[in-house]
Amino acid sequence: MPDPMRIRAQAAGDKTTVRVLMAHEMETGQRKDAAGKTIPAWHITEVNATHNGKPVMTAQWGTSISKNPFLQFVLKGAKPGDKIGVTWVDNRGETRSDEALVS
Amino acid sequence: MPSRRELLRRSVGAAGLLAGLGLLPEAAQAAYAQAAFDAKSLGDVVKALGVSAPVDSKDVVMQGPDIAENGAVVPVTVGCALPGARRLLLLVEKNPAMLCGVFDISDAVEPSFATRVKMAQSSNVIAVALMADGRVLFSQKEIKVTLGGCGG
């Protein structure tokens with residue numbers, strides 16, 4: 001089971017800034033190991049965010065997103081206590097979902 | 001204590017179940033824009049996404065440092081000051097994999113996303129906004145990298 005994400009959602013008026021830090025190696029497929037073999041690409045391909053269960057954002061990522069990816073976006077119309085859910089899927093089919101409440 | 005035969009039978013069953021679960025993400029990834037992520041130029045990326053050639057625009061936001069100390073982790077922000085953006089693209093021109101990300105914008109979020117990217121070398125970083133009315137707008141910023149970030 002992949003490591004949990006850290007999600008912080010801070011409301012300021014109508015706008016809520018959501019910051020997510022995901023734990024993932026994000027191998028580009030460019031690196032070679034000590035034996036000279038290319039380390040295969042292993043990266044998050046899709047990120048979905050929901051607000052109280054309703055999808056609000058989807059992102060598709062390639063290999064150029066940094067290791068332990070950071071994502072920040074601004075949600076409209078959320079109130080403290082609302083639930084923010086984030087799910088990622090990677091190219092191996094592994095997935096991780098975490099939730100946080102808007103503060 | 002289950003027999004060895006029983007344990008083997010159960011583990012095959014579990015593998016079958018996991019394979020079944022593994023099929024689901026693949027179906028979701030059928031929508032993944034693989035051709036766009038494999039493209040080697042901005043023109044090829046937009047063609048793979050089925051949109052027209054991008055036009056330079058002051059209303060597209062491409063923020064980042066002038067000099068990145070660590071090419072493995074460069075903080076960037078892409079955005080669009082105009083309403084009606086449907087998708088934002090983030091590209092690093094001189095990366096082996098040029099397209100970094102595609103962000104789909106719903107009415108519930110602002111058209112602005114911040115993340116961190118790997119940059120192989122000093123390069124233009126490009127934000128492209130795909131508007132609902134079909135316009136394709138872009139803005140770019142040169143970010144210099146002192147230590148390349150693709151592990152080469």
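Below, the figures for the structure above:
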quantity: Every residue from the range A:1-45 that is of a type in the set (S, T, Y) and at pLDDT below 95; calculated: A:T28, A:T38
quantity: Among (1) in contact with a Lys or Arg (Cβ under 9 Å, 6 or more places away or on another chain); (2) farther than 22 Å from B:R86 by Cα; (3) at the interface with chain B (Cβ under 10 Å from one of its Cβ atoms), the one test that A:L75 misses; calculated: (2)
quantity: Within the range A:30-48, considering residues that are at the interface with chain B (Cβ under 8 Å from one of its Cβ atoms) and either out of contact with any Gly (no Cβ under 8 Å at 6 or more places or on another chain) or part of a strand (DSSP E or B) (or both), the one farthest from B:N70 (Cα to Cα); calculated: A:E46
quantity: Residue match in the range A:4-18 (condition: closer than 22 Å to B:A97 by Cβ, in a loop (DSSP other than H, G, I, E, B) and touching a residue at least 12 places away in the same chain (Cβ under 8 Å)); calculated: no
quantity: Residues (β-branched (V, I, T), more than 10 Å from every other protein chain (Cβ to nearest Cβ) and more than 14 Å from B:G101 (Cβ to Cβ)) located in the range B:58-81; calculated: B:V60, B:V61, B:I67
quantity: The listed residue being in the same structural domain as B:G71 (by TED's automatic domain parsing), hydroxyl-bearing (S, T, Y), at pLDDT 95 or above and closer than 27 Å to A:K15 by Cα, out of B:S112, B:S123; calculated: B:S112
quantity: Residue under evaluation B:R116, criteria (1) basic (K, R); (2) more than 14 Å from A:G62 (Cα to Cα); (3) part of a strand (DSSP E or B), criterion not met; calculated: (2)
quantity: Residue in the range B:98-105 that is within 13 Å of chain A (Cβ to nearest Cβ), out of contact with any helix residue (DSSP H, G or I) (no Cβ under 7 Å at 6 or more places or on another chain), surrounded by fewer than 20 Cβ atoms within 10 Å (Cβ to Cβ) and among the charged types (D, E, K, R) present; calculated: yes
quantity: Filter result (within 12 Å of A:V89 (Cα to Cα) and out of contact with any Leu (no Cβ under 7 Å at 6 or more places or on another chain)) within the range A:27-48; calculated: A:W42, A:H43, A:I44, A:T45, A:E46, A:N48
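The values are calculated or read from the model by the stated rules, or taken from the named source; none is laboratory data. Please read these numbers as outputs of a predicted model, since none were measured by experiment. Cβ: placed from backbone, ideal geometry, glycine included. Neighbour counts: every protein chain shown.
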